[in-house]
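Read through the structure below, which is laid out as structure tokens, and then see the notes.
Every number here is computed from the coordinates shown, using simple stated rules; none is lab data. What you are looking at is a predicted structure, and each value in this text was computed from that prediction instead of being measured. Using ideal geometry, Cβ is built from the backbone for each residue, glycine included, and neighbour counts are taken over all protein chains shown.
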Ligand SMILES: [Zn+2]
Ligand SMILES: [Zn+2]
């Protein structure tokens, strides 16, 4: 493992504070990226299946109607209290999530590996109440081993619905929150951060929500979990191009990955995160705890 001080190019532009997800391309781009990353990878079959899962998410999202957003009073309440407007952990589950899950399971039934088929069949046979219980466990709780195997699919369906909801917002409806380090749209933790290269946001770092795919700007060389800006170190695998790194914080002993678009324009924070689990192992061994989940992997250690 190589370590290095954080290189800091000052941003060239005023930062757009929030980037809402684009429903036409977010999951389709991810599907393509998983397919690319799976070639020649030791976890190739799994990554390939996650590509099919992402493609199924894309198709279900394209078929969703416009979803009802919380009413104006709830938006105002969230604004007054510095809370996210689509707070996933506390608002009622969007009704669209169960049909989304059943459609996803239908799309994937013929493609999933054997263990995945068993999970999908269980989900297709589950009652509405059982599905809601699984969603609540994903968003708030500690899963048992049987639930854990089902949660990546539950997460995939919730990602579709929360991405649809987020994309219906206007960025003016988002604001900095009282709590540090969570998504300003849905209150979930980030999966990773990306230093982006695009018109108007060159060299700016964005945290990427694990649930709704919203991104929010955070100054570089700042810990995503605790906000410390002095005890961060980056690590990458020796011999790699440095597009994927971990950023460890010695203030709170956490880490999160950071991806550099200047090294690879096509990277996707969710797919590239799962293709670089070797990086997680290195920093796990050094005693750092990951500060945000990848929901397509959640429950794997339960
Ligand atoms: Zn979010
Ligand atoms: Zn920290």
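Each 5 Å bin, from zero up to the one with the longest distance, holds this percent of the alpha carbon pairs of the stretch 25-102: 3, 14, 16, 14, 14, 13, 12, 8, 4, 2, 0. Each 10 Å bin, from zero up to the one with the longest distance, holds this percent of the alpha carbon pairs of the stretch 22-173: 11, 36, 35, 15, 3, 0. From the alpha carbon centroid of the stretch 112-147 to that of the stretch 210-228 is 29 Å.
Residues of the stretch 151-172 falling in the label zone of residue 69, defined by backbone nitrogen less than 11 Å from a point 7 Å along Cα to beta-carbon, are 165-172. Counting neighbouring beta carbons within 10 Å and listing from fewest to most, the residues 161, 118 come out as 118, 161. Among 246, 80, sorting on how many other beta-carbon atoms sit within 10 Å of each Cβ, with the fewest leading, yields 80, 246.
For residue 24 and residue 93, the difference between the fully extended length at 0.36 nm per residue and the C-alpha to C-alpha distance is 22.5 nm. Applying 0.36 nm per residue to the separation of residue 144 and residue 45 and subtracting their alpha-carbon distance, the gain on full extension is 33.1 nm. Taking a point 7 angstrom from the Cα of residue 127 along the C-beta vector, which residues in the stretch 77-106 have backbone N less than 17 Å away? Within reach of a label on residue 127: 98.
Taking label positions 7 Å along the Cα-Cβ direction at both residue 59 and residue 251, the computed distance is 4.6 nm, reported to one decimal.
In terms of its C-alpha gyration tensor, the stretch 172-302 has a rounded overall shape, because the principal axis ratio a/c (a ≥ b ≥ c, square roots of the eigenvalues) stays below 1.5. When the chain is treated as a GNM with alpha-carbon contacts under 10 Å, the residue of 183, 226, 212 showing the greatest mean-square fluctuation is 226. Computed from the C-beta positions of residue 266 and residue 219, the FRET efficiency with R₀ = 25 Å rounds to 0.50. Entry note, the chain: the mean residue ellipticity at 222 nm calculated from DSSP H runs of n ≥ 4, each adding -39500 (n - 2.57), is -12500 deg cm²/dmol after division by the residues and rounding to the nearest 500. Translational diffusion of the chain was estimated from the Stokes-Einstein equation, with Rh taken as the Kirkwood radius over Cα pairs; at 20 °C and 1.002 mPa s the coefficient is 109 µm²/s.
Computed extension length for residue 202-residue 79: 41.4 nm, one decimal, from 0.36 nm per residue of separation with the Cα-Cα distance subtracted. Report the FRET efficiency, 1/(1 + (r/R0)^6), for residue 240 and residue 170, where r is their Cβ-Cβ distance and R0 is 45 Å, rounded to 0.05. Working from the Cβ atoms, E equals 0.70.
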